[in-house]
Amino acid sequence: MAEAQLFISQDEFTCSVCLDTLTDPVSLHCGHSFCLKCLTDCWDQSQVCSCPQCRHIFMLRPELKRNTLLNEVIKKLKKTALTPPPLQSQNYASPGDVECDFCTGKKFRAVMSCLTCMASYCQTHLRPHYEIAAWKGHKLVDPDRNLLEKLCEKHQKFLEMFCRTDKTCICMMCGMTEHDGHEKVELETEREEKQLSVEIVMGEHEKNFTDLIHCIEEAHKKLTENIREQEKREMEKAEGVMEQLEKEIEELKRREAELKELSETKDHLHFLKTFSSRCVLPPNGDSLSFTVTADFSSEDLLKELSCLKKSLEKINQWDFLPLTPSDREAPIFTLWPPQPQSRDEFLQYFCPLTLDINTANRELRLSEGNKKVTCDGIKAKYPDHPDRFDCWPQVLCREALTGTRCYWEVECSGDFMEIGVAYKGLSRKGGGEECGLGINDKSWCLQCSDSQYSVHHNNQETEISAPYSPRIGVYLDWPAGSLSFYSISHTMTLLHRFNTSFTEPLYPGFYLDPHCSVTISHLTTCDQ
């Protein structure tokens, strides 16, 4: 009898952990087999003993025994029909690729990420998502190395909605709690509308630039034609003058010849009679003059072209900055003028602020239309509110600043106060560091203490040496990720600039010690 030929795929004898032919194979109760070393290493690095392929969990760590029969089959097949799979070096993760979270040793490139598992998988470790019924409903997306950024920090839920009221991405729980009643849409809808608005703006810019180029080309063409026409007119005038001069020269030569002939005559009577008529010169009116005239001033033309060139160069220096409601969306770009330098330029971005009484600690008193806050030792009878600071003597403003440039100034009175900004997620209850301005990753502040300055963020302090002034200017460039503090007197002095990447709307806020006050200044672009 002819020997039967066995056709078996090498995948049947491949370890799903190392993706190589099984070595010292061991089999689990779920039916899957692995290399002894691969499975041991996986379980030694994990707190739970589970099958790396189907994720079946074992309450007690099974004792691993070599599958002798399977081992012998692999040895025989290696000698006959089966050769070890070649190293798939082309599937290993490169520095720019997303790695598989389940590969051990040298990791393979992930082909999909799961938003339900919050993990990325290579082709082999992705199989359970297609084979196991409980996993088939998971949401798979293209490989993404920033999966954690797609989770809500507060509820650990997937960010799948956009709040247009607060201009931030939210999860479903956020939509039913603090964003209840706000205008909310799906991320895809907001992206499409933003993309459409960008295309409209870009179309308008393109049309304006096209019109400007057409206008310049028409002006250049008309100017060239005018210059050539004037050149032609002046050349014709010059040719007429030359013709007239040639006639005068001929006449003068004729007279010269007559005078020469007269000078040689011996007849004194003839000489005297003829001399008077031959020496009479043409009257002044007969002489020709030539003046080149112009219908335009070349100096004025050069001046206008120079101004236009400077304007275009200034536009070319403008910054393209990403303007996006959240890092989870594709960036949208907007065109911003250069950074302001003088106080008048800063005042173009003046933003009126109002203190939010629902956030004010009961040690603080608001006045002057909620533009001034004072810590005078008298407890206010504010009602309970989830946004109120119950321990820290702090207050935030009502305005959420995001996606633009803002400038405001405050007048300080007293020995110790802090001026800063914070995300809405800054904790309000208790006396921990998660509530204080500048001592966590959700807030930034300038501290004014005993006529000295220091800045704080995430519990990091930087002391500042600068002349003290009770008036402080704050400039927020949200798209560029910069927050600047200025001392205002007869000049503006930069105290410090934070450079970061803002991900949420910012709320201006203040901290006050007893007998201190802060007043938000009323500014206009005409203030000096």
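Bear in mind that the values in this text are calculations on the coordinates, not laboratory data. Quick caveat: nothing in here was measured; it's all calculated off a predicted structure. Glycine gets a Cβ as well: all are built from the backbone with ideal geometry, and neighbour counts include every protein chain shown.
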Those aspartates and glutamates that a straight Cα-Cα span of less than 17 Å connects to residue 222, excepting residues fewer than 8 apart in one chain: 211, 231, 295, 300, 304
What number comes out for the charge environment of residue 93, summing +1 per Lys or Arg and -1 per Asp or Glu over other residues with Cβ under 9 Å away? +1
Starting from the Cα gyration tensor of the stretch 9-86, take the square roots of the eigenvalues, sort them a ≥ b ≥ c, and report rounded, prolate or oblate (rounded when a/c is under 1.5, otherwise prolate if a/b is larger than b/c, else oblate). prolate
Let a ≥ b ≥ c be the square roots of the eigenvalues of the Cα gyration tensor of the stretch 88-130; is it rounded (a/c under 1.5), or, if not, prolate (a/b larger than b/c) or oblate? prolate
For the stretch 9-86, calculate the relative contact order in percent as a whole number, restricting contacts to Cα pairs under 8 Å that are 6 or more residues apart. 32 percent
Name the shape class, rounded, prolate or oblate, that the alpha-carbon gyration tensor gives for the stretch 450-527, where a ≥ b ≥ c are the square roots of its eigenvalues, rounded holds for a/c under 1.5, and otherwise prolate holds if a/b is larger than b/c and oblate otherwise. rounded
Mean separation of Cα pairs under 8 Å and 6+ residues apart, divided by the residue count of the stretch 340-520: what relative contact order is that in percent? 27 percent
Counting Lys +1, Arg +1, Asp -1, Glu -1, what net charge surrounds residue 122 among other residues with beta carbon under 13 Å of its beta carbon? +1
Taking the Cβ of residue 213 as the centre, find all other residues whose Cβ is under 12 Å away and add up their charges (Lys, Arg: +1; Asp, Glu: -1). -3
Once R0 is set to 51 Å, what does the formula 1/(1 + (r/R0)^6) return for the Cβ-Cβ distance between residue 32 and residue 434, expressed as a FRET efficiency to the nearest 0.05? 0.65
Taking other Cβ within 10 Å of each residue's Cβ, how do 124, 116 sort, fewest first? 116, 124
Over 28 Å (Cα to Cα) among 136/424; 65/106; 150/442 -> 136/424
Quick check on the exposure proxy: order 152, 100, 215, 406 from fewest to most C-beta atoms within 10 angstrom. 215, 152, 406, 100
For the pair residue 183 and residue 141, how long in nm is the line joining their label points, each one 7 Å along Cα→Cβ? 2.5 nm
At a 10 Å Cβ-Cβ cut-off, how would you order 201, 73, fewest neighbours first? 201, 73
Restricting the stretch 169-261 to trypsin sites (Lys or Arg not before Pro) in coil, as DSSP defines it, with at most 11 other Cβ within 10 Å: none
Just to confirm the filter: which trypsin sites (Lys or Arg not before Pro) across the stretch 378-421 are DSSP coil and have at most 12 other Cβ within 10 angstrom of their Cβ? 379, 381
